[in-house]
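The values are calculated or read from the model by the stated rules, or taken from the named source; none is laboratory data. On a predicted model such as this, the values are computed, not experimentally measured, just so you know. With ideal geometry, Cβ positions are generated from the backbone for all residues, glycine too; neighbour counts draw on all protein chains shown.
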Amino acid sequence: MGSGWRSESGGRGIPRLLWYLVFYQPVITELHLRRKNVQFLFVRFSAWQYAGTDKLWAGLVTTLCEGIRTHYGALPFSLYTVLGNKPAVAPDFCQREWHCRRRVCLIILALAAALALGIGLLYLSFSGRGPGREAAAHGSLLKAFGGAATTLSGSGLLMALYQVGKHVFVSQRKKIERLVSREKFGSQLGFMCEVKKEVELLCDYLRFLEVFQRRRLRIVLEVTGLDTCYPERVVGVLNAINTLLSDSHAPFIFILVVDPHILASCLESAGSMKGVADNGYLFLNRTVTLPFSVPIMGRRTKLRFLEDAVQSRDDLLYRAITRQLRGSQKGPPEAEAIELLGVEVAAAGGAGPGAGGQEQGGIEAEASQRIQEALFCLHNEQDCLYEYIPDNVVSMRRIVNTVPITVRLLHEHQARGGVMRPTPRQAVAWVVLANQWPCRLSWALQCLEDRQQVEGGPDPQAQLWGIFQDNSRELHTMTKALQNVVDLDGDPELFARFLGVDFPFTVAEAQSLLYCTSQP
């Protein structure tokens, strides 16, 4: 059924709800409007999943319908679709919240009586034993009337059951998806009318549940990923939100988790919004009723997110070696992981069983240990490295995914005769530097390369920050031409503190780390 009724009346909520759906009509009273207890149902919608479709806003509506259907169950909503009645508004000083649907009761009683009468007549026709033509004619007449009464009443009940079953298996989501697939109908006004009807039906059903549960219901739809879609798709979703909120009594709350700068640019560049949203920020001010910014992530929260990002990596080889280094007890899964590790090592190094294979395995174990040390530096509370990592979870995962590749490439370079041996902390700091300030780091490395070609290179112990300072004016003059690239960089003041104070990389260290750099 639905998870929303498991705790209702000790498991008796569903039968009671179905009884009220058939025989009662809810009434919106003043007492109900004054109720303070509110239940929130959260539905998540990722616009990125529907970014390739022409009807992204239809995906929003279908996700909303499917979320409500999943939470409250398919059978109650299907029964309401077939037999339900729109909630009525109570007259003044009336506190009755339910009206008996006498018409429905009479129809059901009439069908049941007709069915019982038809079955009784058929029974009498088959049980009659009188001889002669009179008895035969009387029996035929009973069969005719009994068959007609049974057929009519039974067909009415079966049709109602068929409609309920049809709506159980064919949800609103499938209905809207079928309408979307019809390109000719999808471009007409009738399509929007059909979707509007489905939404109104959904709102009436939620009002019914409000009276039944004696509390207010609010459906909170979290919209994410909208700033990764095409401008026209963004406009469609905003129009769908405005359509759903056009009813002042609609129980919907929309939370847009977006970057307002990107959203404003999408509105301004959308062809359908010319003359309406020439200024995207003004349009958003008219659409969003409660704007707010997410506060800066605290130290403990950031460390927890970084630790979660490190622990959620799906690198089987890394996890197998980590368990081995921690001295965990070997069982059948451990033996299988170590066997897989041996296959991976042999495939990577071409070493077979023997001294060469053992040596290669030792190199892999050492590399994995350095990876573990580097990842620990990211969420080490005693280190200052986490201060330079952005609060964006996507950026955190990008850094976490880049660290093992960087450390492994650096280890391979050192195994082939590399002179410098940067520490794991330096390696992960270099990854953060390349992720946060790709333009400034690339400029410093380019200036270093130019100086090596002309002057034979600076002192290996010279700081990379000094080289950047010597050529920063030239970069400043090119800011307008490189605006899109410069926008990728983080705070310039943090860059100065990072490279000049906390992580003063030398020219030799930068050249050694350049071999394993994959980001600038």
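Among what's in segment 214-250 and is in a loop (DSSP other than H, G, I, E, B) and not charged (D, E, K, R), pick the residue that is nearest to G271 (Cα to Cα).
Checked segment 214-250; the qualifying residue nearest to G271 (Cα to Cα) is Y230.
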field: Check on C94, of a type in the set (A, V, I, L, M, F, W, C), surrounded by fewer than 14 Cβ atoms within 10 Å (Cβ to Cβ) and at pLDDT below 75
entry: yes
message: Filter segment 1-25 down to the residues that are of a type outside the set (A, V, I, L, M), at pLDDT below 50 and outside any helix (DSSP H, G or I) and list them by number.
response: G2, R6, S7
- line: The number of residues in segment 229-284 that are farther than 29 Å from E198 by Cα and among the hydroxyl-bearing types (S, T, Y) is 3
Boolean, C384 is touching a helix residue (DSSP H, G or I) at 6+ places or on another chain (Cβ under 8 Å), at pLDDT 85 or above and surrounded by fewer than 16 Cβ atoms within 10 Å (Cβ to Cβ): yes
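Go through V394, V400, V428, V407 for me and flag whichever is within 17 Å of F498 (Cβ to Cβ) and aliphatic (A, V, I, L, M). Working first, answer last.
Numbers: V394 fails: within 17 Å of F498 (Cβ to Cβ); V400 fails: within 17 Å of F498 (Cβ to Cβ); V407 fails: within 17 Å of F498 (Cβ to Cβ).
One residue alone meets the criteria, V428.
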field: Matching option when the condition is exposed (fewer than 15 other Cβ atoms within 10 Å of the Cβ) and at negative phi, among L282, L244
entry: L282
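Conditions tested, residue by residue: (1) modelled with pLDDT of 80 or more; (2) over 18 Å from K197 (Cα atoms).
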{"position": "S46", "(1), (2)": "yes, yes"}
{"position": "T53", "(1), (2)": "no, yes"}
{"position": "C65", "(1), (2)": "yes, no"}
{"position": "T70", "(1), (2)": "yes, yes"}
{"position": "L75", "(1), (2)": "yes, yes"}
{"position": "L79", "(1), (2)": "yes, no"}
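Could you count how many residues in segment 202-241 are hydroxyl-bearing (S, T, Y) and either surrounded by 18 or more Cβ atoms within 10 Å (Cβ to Cβ) or in contact with an Asp or Glu (Cβ under 7 Å, 6 or more places away or on another chain) (or both)?
Step one: filter segment 202-241 for residues hydroxyl-bearing (S, T, Y), giving 205, 224, 228, 230.
From what is left, the residues that are either surrounded by 18 or more Cβ atoms within 10 Å (Cβ to Cβ) or in contact with an Asp or Glu (Cβ under 7 Å, 6 or more places away or on another chain) (or both) are 205.
The number of residues fulfilling the criteria is 1.
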message: Quick check on my filter: what residues within segment 240-253 are over 17 Å from W48 (Cα atoms) and touching a residue at least 24 places away in the same chain (Cβ under 8 Å)?
response: N242, T243, L244, D247, H249, A250, P251, F252, I253
